[in-house]
């Protein structure tokens, strides 16, 4: 269908630009914290790209000498009504599967 209608798959981690865009979160946190990263970042996630992007940003900033080696503990959270990553983690699965009948009040 994507070929027929010209769709481009932008699913989590299927194209490089999403992670590059999500690095902005890490740069904003570092700048707003005067280049001292917090101890913990609690991040509501869909597929996890935000956490990956922030981690990549922190790594780049360290290589540039903007921050030290200290990294925050990264905590991913999901709503109970739509928690495919939480479910996969609890089952010890490597991949998350579709979460049928997902609902949240968000």
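Of the residues in segment 57-70, not one is surrounded by 13 or more Cβ atoms within 10 Å (Cβ to Cβ) and within 25 Å of residue 104 (Cβ to Cβ). Has segment 15-37 got at least one residue that is exposed (fewer than 10 other Cβ atoms within 10 Å of the Cβ), modelled with pLDDT under 90 and either part of a helix (DSSP H, G or I) or more than 17 Å from the chain's Cα centre (by Cα) (or both)? Scanning segment 15-37, I find at least one residue that is exposed (fewer than 10 other Cβ atoms within 10 Å of the Cβ), modelled with pLDDT under 90 and either part of a helix (DSSP H, G or I) or more than 17 Å from the chain's Cα centre (by Cα) (or both), so the answer is yes. Total residues in segment 77-103 satisfying the condition of being surrounded by 11 or more Cβ atoms within 10 Å (Cβ to Cβ), in contact (Cβ under 8 Å) with a residue 12 or more places away in the chain and out of contact with any strand residue (DSSP E or B) (no Cβ under 6 Å at 6 or more places or on another chain): the figure is 11.
The values are calculated or read from the model by the stated rules, or taken from the named source; none is laboratory data. Please read all numbers here as calculations on a predicted model, not as lab measurements. Quick reminder, even Gly has a Cβ in these numbers, built from the backbone with ideal geometry, and neighbours come from all protein chains shown.
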